[in-house]
Amino acid sequence: MSDLAIETHALSKRFGDLAALDRVNIHVERGSIYGFLGRNGAGKTTAIRIMAGLSPATGGSARVLGFEAGRDSIEILERTGFVIDKMLLPYMTGRELLRFNKGFFPAWSDAQARRYADALEIPMDRKFRKLSHGSKTKLCLLLALAQNPELLILDEPTSGLDPVITDQLLRVLVEDFANDGRTIFMSSHHLSEVEKIADWVGILDHGRLLLEARLDDIRSAYRRIRVTGERVPSKSPEILTASSSEGITEYVLCAGEEKFLADLRNNGATILEVLPMNLSEIFIELVGKENHNVPVETMA
């Protein structure tokens, strides 16, 4: 059995002249929480729909739990909980949707369904179309969790939710699912939420995967450095961005901090600040850049 819950190789999807996905290689370890990050329209939903067998790839391949997306869709859907469109049969109540879905999933757990209905405070006797946006999201998550899946794939699960419901959902994902050794693949553009729970991150922009690495490795590699001096460099393999204003040069560094600082000092520069960067700051620096120097080690 592969150590990877999800693996794509040169995965591509075109809509006419638009490359929604451009030779994307994703590696999701079993038992990990993987944050799949990108702006709206970056290609995140397209990748997930291919994994679910809802859309064919135009190039490359995707494997989910060892099965080939598209060809082995039934095997994937039996073992994977998907929360994609958050749209269910509108005229059914939550209880009716539980009964309807139960027959499709061999590992379905009535105990799990009851537990999450209570824990998430979902009005199970109300028709789906009459639920609030937050309750619709929680019901979709409940149905995915009740499948007792090996893998949970979520597309923007907290979009439009208030902070209380968001915190509630994140705690359920970590404490009741990931802590049991199962895998979460969560697409989002809410970076602060992903940073709370993820241990791996992939950043997608305009259909291209800019970065894939452990979150701890990303945090340790990136630094914001401010210096003064007349002989400071503007280009170097370690520099992601460089800008100068009023005699101060600011660098965003993506590797090699110690050597870079030593070279600056040897050239007479004065180091004003060396600051760590959070995931949101790193994301903003990465997306939209034409050249990406990203030496953080990624999985082969």
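What the table below lists for this structure:
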quantity	calculated
Among the candidates Leu173, Leu204, residue that is under 23 Å from Leu21 (Cα atoms) and either touching a residue at least 40 places away in the same chain (Cβ under 8 Å) or among the hydroxyl-bearing types (Ser, Thr, Tyr) (or both)	Leu204
Residues (at pLDDT below 90 and of a type in the set (Ser, Thr, Tyr)) located in the range 255-300	Thr298
Subset tally (residues that are farther than 16 Å from Glu96 by Cα and in a loop (DSSP other than H, G, I, E, B)) for the range 106-143	5
Among the candidates Leu204, Leu210, residue that is more than 10 Å from the chain's Cα centre (by Cα) and buried (at least 18 other Cβ atoms within 10 Å of the Cβ)	Leu210
Qualifying residue in the range 5-21 (condition: outside any strand (DSSP E or B), aromatic (Phe, Trp, Tyr) and surrounded by fewer than 20 Cβ atoms within 10 Å (Cβ to Cβ))	no
Breaking point among (1) crowded, with 20+ Cβ neighbours inside 10 Å; (2) out of contact with any helix residue (DSSP H, G or I) (no Cβ under 9 Å at 6 or more places or on another chain); (3) basic (Lys, Arg), for Arg99	(1)
Filter result for the condition that a residue is under 25 Å from Ser159 (Cβ atoms), part of a strand (DSSP E or B) and among the acidic types (Asp, Glu), over Glu285, Glu212, Glu281	Glu212
Condition broken by Ile153, with the remaining ones in (1) part of a helix (DSSP H, G or I); (2) within 25 Å of Phe105 (Cα to Cα); (3) touching a helix residue (DSSP H, G or I) at 6+ places or on another chain (Cβ under 7 Å) satisfied	(1)
Those residues of the range 29-48 which are of a type in the set (Lys, Arg) and surrounded by fewer than 20 Cβ atoms within 10 Å (Cβ to Cβ), in sequence order	Arg30, Arg39
The range 170-188: number of residues that are open to solvent by 10 Å² or more (accessible area, probe 1.4 Å) and either touching a Leu at 6+ places or on another chain (Cβ under 9 Å) or under 11 Å from Arg30 (Cβ atoms) (or both)	5
First in the range 114-132 and aliphatic (A, V, I, L, M), second anywhere and surrounded by 16 or more Cβ atoms within 10 Å (Cβ to Cβ) and not in a helix (DSSP H, G or I), Cβ under 7 Å, 6 or more apart	Ala117/Met124; Met124/Thr93
The range 149-167 - residue that is surrounded by fewer than 17 Cβ atoms within 10 Å (Cβ to Cβ) and touching a residue at least 24 places away in the same chain (Cβ under 8 Å) and, of those, farthest from the chain's Cα centre (by Cα)	Asp162
Those residues of the range 118-139 which are open to solvent by less than 100 Å² (accessible area, probe 1.4 Å), at pLDDT 90 or above and either touching a Gly at 6+ places or on another chain (Cβ under 8 Å) or closer than 21 Å to Asp167 by Cα (or both), in sequence order	Ile122, Pro123, Met124, Phe128, Leu131, Leu139
Filter result (among the charged types (D, E, K, R) and closer than 29 Å to Leu204 by Cβ) within the range 256-286	Glu257, Glu281, Glu285
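The values are calculated or read from the model by the stated rules, or taken from the named source; none is laboratory data. Please read these numbers as outputs of a predicted model, since none were measured by experiment. Methodologically, a virtual Cβ is constructed for each residue, glycine included, from the backbone with ideal geometry; neighbour enumeration extends over all protein chains shown. Accessible surface areas use protein heavy atoms only, side chains included; no ligands, DNA or RNA. Shrake-Rupley method; radii C 1.70, N 1.55, O 1.52, S 1.80 Å.
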